[in-house]
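What follows is one structure encoded as structure tokens, with my remarks underneath.
The values are calculated or read from the model by the stated rules, or taken from the named source; none is laboratory data. Nothing here was measured: the structure is a model prediction, and the numbers come from that model. All Cβ positions, glycine included, derive from the backbone under ideal geometry; neighbour counts span all protein chains shown. When the accessible area is computed, the model is the full protein with side chains, heavy atoms only, and any ligands, DNA or RNA have been set aside. Shrake-Rupley method; radii C 1.70, N 1.55, O 1.52, S 1.80 Å.
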Amino acid sequence: QVQLVESGGGLVQAGSSLTLSCAASGLTFSVYAMGWFRQAPGKDRDFVATINWSGSNTAYADSVKGRITISRDNAKNMVYLQMNSLKPEDTAVYYCAAKYGAWAPTNYLYTYWGQGTQVTVSS
């Protein structure tokens with residue numbers, strides 16, 4: 001079956017950097033767009049970043065533009081989220097998701113989800 005497993009979360013200080021990883025299995029990874037979403041306590045799951053099947057196109061939420069970079073390695077079935085200049089408001093559970101076909105910034109269009117990894121940014 002399809003599995004998406006996130007890793008790399010943790011507790012960091014404001015201004016720090018963190019890289020999240022997502023390992024995909026059970027699907028033809030190279031035909032799926034991948035996305036990262038996050039959910040803070042009591043809030044909706046929000047779009048963070050997405051990348052198309054080849055890695056040639058990316059899109060970001062306005063709140064993270066310039067600080068976060070999404071990338072993928074189709075040979076390893078991996079997608080990454082490099083986060084720099086972290087802020088306390090970045091604190092959330094971060095989820096990796098897969099969507100067949102074109103990328104999209106909308107969570108309900110994604111079919112497969114990981115279990116999430118917690119990122120906590122202290123001030």
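Can you go through Ala33, Ala61 and tell me which one is among the hydrophobic types (A, V, I, L, M, F, W, C), surrounded by 12 or more Cβ atoms within 10 Å (Cβ to Cβ) and closer than 19 Å to Asn84 by Cβ?
On the way: Ala33 fails: closer than 19 Å to Asn84 by Cβ.
Testing whether each residue is among the hydrophobic types (A, V, I, L, M, F, W, C), surrounded by 12 or more Cβ atoms within 10 Å (Cβ to Cβ) and closer than 19 Å to Asn84 by Cβ leaves just Ala61.
Name every residue in segment 101-123 that is surrounded by fewer than 20 Cβ atoms within 10 Å (Cβ to Cβ), hydrophobic (A, V, I, L, M, F, W, C) and part of a strand (DSSP E or B), in order of residue number.
Trp113
Would you mention how many residues in segment 34-56 are of a type in the set (Asp, Glu) and in a loop (DSSP other than H, G, I, E, B)?
Looking only at segment 34-56, we keep the residues that are of a type in the set (Asp, Glu), and these are 44, 46.
If we keep only those that are in a loop (DSSP other than H, G, I, E, B) as well, we get 44.
Number of matching residues: 1.
Any residue in segment 1-25 that is of a type in the set (Asp, Glu) sitting within a Cβ distance under 8 Å of a residue that is part of a strand (DSSP E or B)? List the pairs, counting only those 6 or more apart or interchain.
Note: pairs meeting the criteria are Glu6/Leu20; Glu6/Ser21; Glu6/Cys22; Glu6/Tyr94; Glu6/Tyr95; Glu6/Cys96; Glu6/Thr117.
Kindly establish whether Gly26 is among the small types (Gly, Ala, Ser), touching a strand residue (DSSP E or B) at 6+ places or on another chain (Cβ under 6 Å) and over 30 Å from Ser123 (Cβ atoms). First the steps, then the outcome.
Details: among the small types (Gly, Ala, Ser): yes; touching a strand residue (DSSP E or B) at 6+ places or on another chain (Cβ under 6 Å): yes; over 30 Å from Ser123 (Cβ atoms): yes.
Here the answer is yes, as Gly26 does meet what is asked.
Could you list, in sequence order, all residues of segment 68-100 that are open to solvent by 30 Å² or more (accessible area, probe 1.4 Å), assigned to a loop (DSSP other than H, G, I, E, B) and not hydroxyl-bearing (Ser, Thr, Tyr)?
Within segment 68-100, Asn74, Ala75, Lys76, Asn77, Asn84, Lys87 qualify.
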